[in-house]
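Below is one structure, written out as structure tokens; the observations come after it.
The values are calculated or read from the model by the stated rules, or taken from the named source; none is laboratory data. As the structure is a prediction and not an experimental result, all values here were calculated from the model. For neighbour counting, all protein chains shown are included, and Cβ atoms are generated from backbone atoms with ideal geometry for every residue, glycine included. Surface areas here come from the heavy atoms of the whole protein model, side chains and all, with no ligands, DNA or RNA. Shrake-Rupley method; radii C 1.70, N 1.55, O 1.52, S 1.80 Å.
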Amino acid sequence: MGLINPAAASEAGERTVVSEASPNFVTTTLDFLTNWARSNSLWPMPFGTACCAIEYMATAASRFDIARFGMERQSFSPRQADVFICAGRVPFKLAPVLRRIWDQMPQPKWCISMGACASTGNVFDNYTIVQGIDTLMPVDVYVPGCPPRPEGLIYGITLLQKKIRGESIVDEQLRQEQLVGPSGLFLPPERVDELSEPFGNSVHQTRSSS
Amino acid sequence: MTAPVSPSVAPLRAEFGAAVERHLISCGDTIIYVSRERSHDALAWLKDTPGQEFDYLTDVTAVDYRDPERPLEVVYQLRSLARRADLRVKVALDKRRPLEVRSVWDLWKGADWLEREVYDMFGVTFAGHPDLRRILMWDTYAEGFPLRKDFPLRGHFSRAEQTRQALAANPEAHYSLEELSIADAFAELPKDMQERLARGERGFLR
Ligand code: SF4
């Protein structure tokens, strides 16, 4: 991951220059340097709530080994974490816990929604499951699958790294907290309803039998 | 092949007469329907009478049928550990009247959480239960009783309202660590367990 590795240099564009006088000097942009550091040392906060967590464990273990992407430190404390990874379905009862953990994470932070349940509620279009954690908190990467294979999650992680490399430290909006507002939600209620709309086969379920 | 009727049916009928409404055999298991008024007496009799000794309450649950005329059934699954015998006892509750039946917590302490779950999901109240609160849904859940057949699959409220109420809940207000702590139950534990806990095998207790 050296700065003078050609791939990394080309990512930073023309702006990263290795001094001709001495290889000990490199000039680059602060954005590139910050994003390079951030994206290669993400500390995940795994929040495994169901079967997807098993695949997450496989991803973290030696065969797939997300330590290769700088994620060797699983942070089980939200205060020392960068990436929130929700692996599994979230019941409404757990929603305040999920939200509080997200609020406890300091900026910069990102969120990966792993699996169909965390992303959409999956087949559990019922009274007890949150229809996608994007109704509770902002999500950066959705990983599809039920469950996603470790390769899928790794692809999601590399996508997140790519996204981080495109960020800019002067863009304050990126680091703004999206708190739960006076409406009791972090999105407008219509938006939550829209995100929770049934789709696919689930449209044919009876909304009410009474 | 017809399975034999449980030998508990005849003595139970002899003891309780018309309070034993009917019995039937389903998939080899005997099911006895007893009246709501005498259910506690019948279950106590089944537990304490020599020769019956149904000392273990496997489960308490309920069934709501789609047919609105058909009563809701509370189901007790009993087991005699010594005799290796099972028995299913049902109490039919008329849905037009308040759904209430006497708690069997005084007979089997294990009924505590089982009856709470039936209350939570079906809204059946158990008279005499020491702590009848919701157990799966949170305490402030306001949409009703989810396993009733007249409960819409997605709940009564809009998704936004459900999310709002969920986020407003404070989990710590209703579920404390003390509630789950066995320190409170220390005096009631068997002697050998008390000794092990006092030695600190499972962490420091007292
Ligand atoms: S997406 Fe599939 S594997 Fe993942 S939590 Fe949901 S049901 Fe389980």
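Some observations on this one:
Residues checked against (1) modelled with pLDDT of 85 or more; (2) within 26 Å of residue A:69 (Cβ to Cβ):
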position	(1), (2)
A:154	yes, yes
A:161	yes, yes
A:172	no, no
A:180	yes, no
A:191	yes, no
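- Applying the set (1) more than 19 Å from residue A:41 (Cα to Cα); (2) within 12 Å of the ligand (Cβ to nearest atom); (3) of a type outside the set (Ser, Thr, Tyr) to residue A:153 leaves exactly one unmet item: (1).
- Filter pass, residue B:159 being open to solvent by less than 40 Å² (accessible area, probe 1.4 Å) and either without any contact (Cβ under 8 Å) to a residue 40 or more places away in the chain or over 28 Å from residue A:192 (Cα atoms) (or both): yes
- Condition broken by residue B:46, with the remaining ones in (1) within 30 Å of residue B:152 (Cβ to Cβ); (2) part of a helix (DSSP H, G or I) satisfied: (1)
- Set B:134, B:148: member being modelled with pLDDT under 90 and within 19 Å of the chain's Cα centre (by Cα): B:134
- Filter result (in contact with a strand residue (DSSP E or B) (Cβ under 8 Å, 6 or more places away or on another chain), aliphatic (A, V, I, L, M) and open to solvent by 20 Å² or more (accessible area, probe 1.4 Å)) within region A:155-176: A:159
- Taken over region A:74-109, the residue count meeting the criterion of being away from the ligand (no atom under 16 Å from the Cβ), touching a Pro at 6+ places or on another chain (Cβ under 7 Å) and outside any helix (DSSP H, G or I) is 6.
- Test: residue in region A:176-187 that is in contact (Cβ under 8 Å) with a residue 60 or more places away in the chain and more than 14 Å from chain B (Cβ to nearest Cβ): yes
- Qualifying position, being open to solvent by 20 Å² or more (accessible area, probe 1.4 Å) and either assigned to a loop (DSSP other than H, G, I, E, B) or without any contact (Cβ under 8 Å) to a residue 60 or more places away in the chain (or both), among B:120, B:139: B:139
- Selection over region A:122-149 of residues that are more than 9 Å from the ligand (Cβ to nearest atom), under 26 Å from residue B:147 (Cα atoms), in a loop (DSSP other than H, G, I, E, B) and not hydrophobic (A, V, I, L, M, F, W, C) gives a count of 6.
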